[in-house]
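> Let me begin by handing over the structure; questions about it come next.
The values are calculated or read from the model by the stated rules, or taken from the named source; none is laboratory data. The structure displayed is predicted, hence computed values, not measured ones. Cβ placement follows ideal geometry from the backbone for every residue including glycine, while neighbour counts extend to all protein chains displayed. Calculation scope for accessible area: heavy atoms of the full protein, side chains included, ligands and nucleic acids excluded. Shrake-Rupley method; radii C 1.70, N 1.55, O 1.52, S 1.80 Å.
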Amino acid sequence: MVLSAAKKKWLIFGGGALVLVVALAIALPLTIGKSTSNGDGSDTFRGSSVLDEVPLIDGHNDLPGNLYRLERNQLENFNFDSDLRLHPVWGSQSSSYTDLPRLRTGKVGGQFWVAYVSCETQHKDAVERTMAQIDVIKRLIKKYPNDLQYATTADEIEAAFKAGKIASLIVVEGGHSIDDRLSVLRLYYELGVRYMTLTHSCNQPWVDASPIDDTTNEKRNLTDFGVKVVWEMNRLGMMVDISHVSAGVMHHALDVSRAPVIFSHSSSYAMYPHHRNAKDDVLARLPQNGGIIMVNFYSFFVAGQDATIDDVIRHINHIRDVAGVDHVGLGGDYDGVSRQPIGLEDVSKYPDLFDKLAQPGHGYEPWTPEELKKLAGLNILRVMRQVEQVAAGLVSEEPYELNIPDEDIHAFDPNQSCKTDFRYNPSNEMFTEI
């Protein structure tokens, strides 16, 4: 439309006017929505404007767990397109932070939805329970086609964003969901699962969870079977998520993975010494691996009960300093925890985070538009494409048919499988900080 108008002015005023009009046509789109007045006539860059150009991709949202707890996965009377803060049940929950109106306000362009079942299901009904969570995610996406669009690849995320929809991906949190079987892992991939967190809060016969770091200095690695799990994920094109794993497993996964790894929802140990966070020696290895750490917002992983948006920014900036701007993203952990920082209370607050990162005068170098685009989504899109490329290069490799060794099962003590600083409440299937 603008170029057409420019052509009309060329006919009336001649070539000189064309230069002026075309210059204005080019300049205007670059400034609209990208600055905000300071009240003194000057303009500053508004960080949230980048979310109109690239998708904000959140690495971890546990809404499906709440669908099971509160609705028993029945969607008929669940109105995701309403403000759930006003709902008599959902509004009273300390772990409910997500609905479509708030996702839209938050400019979320891509979401990894989590199929999670508790560690209490390990070696019991974990597989069937996980399948039910995969199913409810798919049904949720189908119920809201004007807002959500199913995606399994980086290209499909970008296509959904261009269509004005929230790209919706499925992930599994906790390797206990495969019941020590690579066949189940393969079937999850066929059902659309695009990353698996190797553990949750519990140890498994082939991998240890992070709480063990508070009870021993021994850096225990993946078993041989655990390495095969990682390799099979590489072969499939499923991202290896090392949030929740022990420090030893973090390093071992980086050693053996043939593709970039991710932390879907973890923060910096140097900024807050919790076993769920990554230490600097791990962060420093991400550039060589090509992986990414998506910063968790849970207050008790960030700074404690009174955490704020500024504490989250401290984590983001530290990770940028140690790992580099190409290796940091966002994994808010909304709906999976009971307390979020002041200023990041729910999924609507992402623009506030980006605006603040871009502002000068906060004791750190303001983030540039290109850096913010990487943080928002370009980094995880790059990781996904690299994982997809690795899988394409392994297309002739046969599936691993290894069964978990009997000695691994015999050595596993189920009574020691949940060394955690969270208390599990079976009545609502939630973990709360001890």
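> Please arrange 130, 368 by accessible surface area, largest first, computed with a 1.4 Å probe and ligands excluded.
Result of the area sort, largest leading: 368, 130.
> Also, quick follow-up: Roughly how big is the chain's charge dipole about its Cα centre, with Cβ charges of +1 (Lys, Arg) and -1 (Asp, Glu), in debye to the nearest 20?
In total the dipole reaches around 1660 debye.
> To continue, here is another question. Taking a 1.4 Å probe, which of 373, 107 shows the most accessible area, and what order do the others take after it?
Largest accessible area first, the residues go 107, 373.
> Using only the alpha carbons of the range 370-409, what is the convex hull's orientation-averaged projected area in square nanometres?
With the hull built on Cα positions only, its mean projection is 5.0 nm².
> Now for a different question. Between residue 85 and residue 403, what is the FRET efficiency for a Förster distance of 51 Å, r being their Cβ-Cβ separation, to the nearest 0.05?
Efficiency, from the Cβ-Cβ distance: 0.60.
> Moving on to the next point. Sorted by accessible area with a 1.4 angstrom probe, largest first, how do 256, 117, 89 fall?
Output order, biggest surface exposure first: 89, 256, 117.
> Looking at the calculated P(r) for the range 89-139, what percent of the C-alpha pair distances fall above 11 Å?
It works out to 76 percent of all Cα pairs.
> Same structure again: Could you tell me which helices of the chain pass both thresholds, a Cα extent of 20 Å or more along their own axis and a mean Kyte-Doolittle hydropathy of at least 0.5, with helices taken as whole DSSP H runs?
The answer, listed by residue number, is 15-31.
> Same structure, new question: Using only protein heavy atoms and a 1.4 Å probe, report how much of residue 302 is accessible, in Å² to the nearest 10.
0
> I'd like the distance between the alpha-carbon centres of the range 117-189 and the range 293-314, rounded to an integer number of Å.
The range 117-189 and the range 293-314 have Cα centres spaced 26 Å from each other.
> Using alpha-carbon pairs under 8 Å, 6+ residues apart, how would you state the relative contact order of the range 210-367 in percent?
Averaging sequence separation for qualifying contacts and normalising by length gives 18 percent for the range 210-367.
> Over the chain, what relative contact order in percent results from Cα pairs under 8 Å that are six or more residues apart?
Worked out over the chain, it gives 18 percent.
> Can you tell me the accessible area per residue over the chain, all protein chains present, probe 1.4 angstrom, in square angstrom?
42
> Here is a further query. So for the chain, taking the charge dipole from beta-carbon charges (+1 Lys/Arg, -1 Asp/Glu), which of 75, 412, 273 sits furthest toward the positive end?
Projecting each Cα onto the dipole axis, the largest value belongs to 75.
> What is the range 103-220's relative contact order, in percent, from Cα pairs under 8 angstrom and six or more apart in sequence?
The value is 27 percent.
> So how exposed is residue 227, as accessible area in Å² (1.4 Å probe, rounded to 10)?
20
> Out of the DSSP beta bridges found with both residues in the chain, what percent are antiparallel (nearest 5)?
So the antiparallel bridges amount to about 20 percent of the total.
> Restricting attention to the alpha-carbon atoms of the range 343-401, what are Rg (one decimal) and Dmax (integer), both in Å?
Expressed in Å, the Cα Rg and Dmax of the range 343-401 come to 18.3, 57.
> In the chain, what percent of the accessible surface is made up of carbon and sulfur (1.4 Å probe, ligands and nucleic acids excluded)?
Here it works out to 52 percent.
> Follow-up question, since we're still on this one. Taking amide H positions as placed in the peptide plane 1.01 Å from N, state which residues far from residue 148 in sequence (5 or more) or on other chains have amide H under 5 Å from it.
Excluding prolines and chain starts, which carry no amide H, the hits are 166.
> Provide Rg and Dmax in Å for the range 229-292, with only Cα atoms included in the calculation.
Every Cα atom of the range 229-292 included, Rg and Dmax give 11.2, 35 Å.
> Which value, in Å² and to the nearest 10, is the accessible area of residue 384 when all protein chains are kept and the probe is 1.4 Å?
Here the residue's solvent-accessible area equals roughly 10 Å².
> Could you list the square roots of 5 times each eigenvalue of the Cα gyration tensor of the chain, that is, the equivalent ellipsoid semi-axes, sorted largest first and rounded to whole Å?
39, 23, 23
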